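*Asks:* Quick one: structure below, then a few questions.
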Amino acid sequence: MTNQLHRETLLASAGVSADRAHNSVAPPLHLSANFYWNDPCEKPEYDYSRSGNPNRTQLAEALASLEGGARGIVTSSGMAAVDLVLNLVDPGDVVLAPHDCYGGTHRLLTARAKRGHFKIVYVDQTDLAALAAGFAKKPKLVLVETPSNPLLRVTDIEKVVGYARQAGAIVVADNTFLSPALQRPLDLGCDVVIHSTTKFINGHSDVVGGAVITKEEELGEELAWWANCTGVTGAPFDSFLTLRGLRTLFTRIERQQATASDVVNLLKSDSRVAKIYYPGLESHPGHEIAARQQSGFGSMFSVEFTDEIDVLELLRRLEIFTIAESLGGFESLVCVPAAMTHAAMTPEARATAGISNRLVRFSIGLEHGEDLARDVLGALDGAVADGNVTYLNEQAVGACA
């Protein structure tokens, strides 16, 4: 019967009434670092919390069921999840990654490649010619991030998977921006899905965490071994809180993306907006692909404002939006990627990716759409350049970072 249940039902019932010690309805918190053995020759299901913990198991199983995977591994952060899958490659192997990926991912891949852990090739995965050229280098692992952070580029997952099958490569999809509520990369042929559960999965901006979900059990076993070996597994209390937040995922995202669409539609006709990046717009280059492989367009968008707008002053004048990194929480956030989330990338790498110093990224929360729109429009009215504009230049990027 479990396979016949809707994902909302699987999520609401994950771990419920599973306690056999005291019959608690909600899953209890297991903070014990270790677990006793009844006999020295009979290893119990749990022996040490780095290797396994009931709270982590409940979260991992819930995420695996949502993504349609065989095995879930909960990690201490989203970057720990990215680093975990890099254990699948050896020195000399090629990792093919998007040129416009999250700044922290770009930093990790570049740093590990410099130390000889693997060879890194960055390509625009939305450009089929560039993608084919990348696969000509015979990658062992392909990292896909769609929609991309922060430019919301949409990669055709099935095309990447098609190339990968010919090359014998493992495809890893970062599904952080949409969550399994709006996209299921494993159903599209990917081998692994990764998440920063800090974002939409938890949804409450109070826990840092990550997850890796594999399509096949064998690959999951290999990554679980590495997670235990390197100690990147998530803490019990963090897992407990993340599962608690996860239960409202579908309700939160439904509201957030509806509000995001309303705000985008209001801003797109404003003369002070030079360009808006949101796959829900029919004018977006990846709109048709997004409509095909996603079940919604999400609640993230980015905006390039015209030269008449002082971008830094705009952010300072916002009253409801909070200037902060991260995304996907109940609260609406705003950031300048060049100075914040992607400051670790070199200016040249940001330019190649198309991340300008005037790009502003918005994460829509649960506030009322009219209030959010009024906040942005009001801030725009007061952020018109007057000759003393504080343009975000490389010196400002260094200061903000």
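*Asks:* Give region 210-266 a look and list any residue that's farther than 18 Å from Thr57 by Cβ, in contact (Cβ under 8 Å) with a residue 24 or more places away in the chain and β-branched (Val, Ile, Thr), or say none.
*Replies:* Thr230, Thr248, Ile253, Thr259, Val263, Val264 - these are the residues of region 210-266 that are farther than 18 Å from Thr57 by Cβ, in contact (Cβ under 8 Å) with a residue 24 or more places away in the chain and β-branched (Val, Ile, Thr).
*Asks:* Go through (1) within 22 Å of His368 (Cα to Cα); (2) free of Cβ contacts under 8 Å to residues at least 40 places away in the same chain for Arg292 and report which single condition fails.
*Replies:* Among (1) within 22 Å of His368 (Cα to Cα); (2) free of Cβ contacts under 8 Å to residues at least 40 places away in the same chain, Arg292 violates only (1).
*Asks:* Taking region 359-401 only, how many residues are at pLDDT below 95 and farther than 15 Å from Leu267 by Cβ?
*Replies:* Of the residues in that region, 19 qualify.
*Asks:* Search region 320-332 for residues being aliphatic (A, V, I, L, M) and closer than 21 Å to Arg107 by Cβ, and hand back the single one that is nearest to the chain's Cα centre (by Cα).
*Replies:* Filtering region 320-332 for residues that are aliphatic (A, V, I, L, M) and closer than 21 Å to Arg107 by Cβ, the one nearest to the chain's Cα centre (by Cα) comes out as Leu327.
*Asks:* Within region 234-246, does at least one residue satisfy the condition of being assigned by TED's automatic domain parsing to the domain that holds Leu88, surrounded by 19 or more Cβ atoms within 10 Å (Cβ to Cβ) and part of a loop (DSSP other than H, G, I, E, B)?
*Replies:* yes
*Asks:* State all residues of region 270-289 that are free of Cβ contacts under 8 Å to residues at least 60 places away in the same chain, surrounded by 20 or more Cβ atoms within 10 Å (Cβ to Cβ) and outside any loop (DSSP other than H, G, I, E, B); if no residue qualifies, say none.
*Replies:* Once the filter is applied, which keeps residues that are free of Cβ contacts under 8 Å to residues at least 60 places away in the same chain, surrounded by 20 or more Cβ atoms within 10 Å (Cβ to Cβ) and outside any loop (DSSP other than H, G, I, E, B), region 270-289 yields only Ile276.
*Asks:* A further question follows. Given the criterion surrounded by fewer than 22 Cβ atoms within 10 Å (Cβ to Cβ) and among the polar types (S, T, N, Q), identify the matching residue among Thr230, Thr214.
*Replies:* Thr230
*Asks:* Please determine, by comparing only the residues of region 69-90 that are in contact with a strand residue (DSSP E or B) (Cβ under 9 Å, 6 or more places away or on another chain) and assigned to a loop (DSSP other than H, G, I, E, B), which one is surrounded by the fewest Cβ atoms within 10 Å (Cβ to Cβ).
*Replies:* Checked region 69-90; the qualifying residue surrounded by the fewest Cβ atoms within 10 Å (Cβ to Cβ) is Ala70.
The values are calculated or read from the model by the stated rules, or taken from the named source; none is laboratory data. Since the model is a prediction, treat every value here as computed from it, not as a measurement. Quick reminder, even Gly has a Cβ in these numbers, built from the backbone with ideal geometry, and neighbours come from all protein chains shown.
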